[in-house]
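The values are calculated or read from the model by the stated rules, or taken from the named source; none is laboratory data. For clarity, every value in this text was computed on a predicted model and none was experimentally measured. When we count neighbours, we look across all protein chains shown, and the Cβ atoms used for this are built from the backbone with ideal geometry, even at glycine. Keep in mind that these areas ignore ligands, DNA and RNA; they rest on the heavy atoms of the full protein, side chains included. Shrake-Rupley method; radii C 1.70, N 1.55, O 1.52, S 1.80 Å.
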Amino acid sequence: QKPIEFYISTYGGNADDMFAIYDMMTVAKRNCEVHTFGIGKVMSAGVLLLANGSPGKRKVGKHCRVMIHSCNAGSVGDIHDLKNEMLAIQHQQDQYINALVEVSSMTKRQLSRLLDRKVNVYLTAEEAIEYGIADEII
């Protein structure tokens with residue numbers, strides 16, 4: 001089958017939506033290649049989508065801004081609900097780490113060190129390639 005070309009330029013978004021797209025990309029890769037193109041900006045949830053392209057087919061623009069950060073969320077409620085929400089957010093963070101480690105060349109330790117900075121971590125296109133988020137600069 002023809003490859004799917006997926007152009008990504010995003011500030012990120014909802015982690016549940018990111019995982020829905022990630023899962024569908026993974027299913028699609030069973031039958032065809034998924035070529036990802038990061039252009040302009042690929043931030044937050046978009047980073048996993050860029051990295052989830054078929055190996056060797058993940059491209060990033062020379063001037064693309066790539067940004068990784070920890071999951072963020074907000075919640076209001078009683079203490080029991082807040083504790084439950086915190087566990088769910090931690091689980092989602094762990095899922096994100098495991099998924100990104102699986103589709104990039106980063107180790108859990110490397111990724112955890114980036115996320116532990118507790119700030120938005122901006123990568124150049126070259127750094128995105130070094131970390132295995134992309135394969136080639138366009």
For V34, indicate whether it is more than 12 Å from the chain's Cα centre (by Cα), open to solvent by less than 10 Å² (accessible area, probe 1.4 Å) and more than 20 Å from Q92 (Cα to Cα). yes
List every residue pair whose Cβ atoms lie under 9 Å apart, where the two residues are 6 or more positions apart in sequence or sit on different chains, the first residue falls within the stretch 17-30 and is within 17 Å of E5 (Cβ to Cβ), and the second residue, located anywhere, is among the aliphatic types (A, V, I, L, M) and open to solvent by 50 Å² or more (accessible area, probe 1.4 Å). M25/I4; A28/I4; K29/I4
Checking I21 against (1) surrounded by 17 or more Cβ atoms within 10 Å (Cβ to Cβ); (2) closer than 19 Å to Y131 by Cβ, the condition it does not meet: (2)
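This table checks each residue for (1) part of a strand (DSSP E or B); (2) touching a helix residue (DSSP H, G or I) at 6+ places or on another chain (Cβ under 8 Å); (3) open to solvent by 10 Å² or more (accessible area, probe 1.4 Å).
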{"site": "V42", "(1), (2), (3)": "yes, yes, no"}
{"site": "L48", "(1), (2), (3)": "no, yes, no"}
{"site": "K62", "(1), (2), (3)": "no, yes, yes"}
{"site": "V66", "(1), (2), (3)": "yes, yes, no"}
{"site": "N72", "(1), (2), (3)": "no, no, yes"}
{"site": "H80", "(1), (2), (3)": "no, no, yes"}
{"site": "N84", "(1), (2), (3)": "no, no, yes"}
For the stretch 13-36, give me each residue that is under 23 Å from G61 (Cα atoms) and at pLDDT below 95. G13
Cβ contacts < 6 Å: first residue buried (at least 19 other Cβ atoms within 10 Å of the Cβ), restricted to the stretch 127-138; second residue of a type in the set (G, A, S) and not in a loop (DSSP other than H, G, I, E, B), any location; separation 6+ or different chain. Result? I133/A51; A134/A128
Given (1) open to solvent by less than 80 Å² (accessible area, probe 1.4 Å); (2) over 22 Å from D23 (Cβ atoms); (3) of a type in the set (D, E, K, R), identify the lone condition not met by D94. (2)
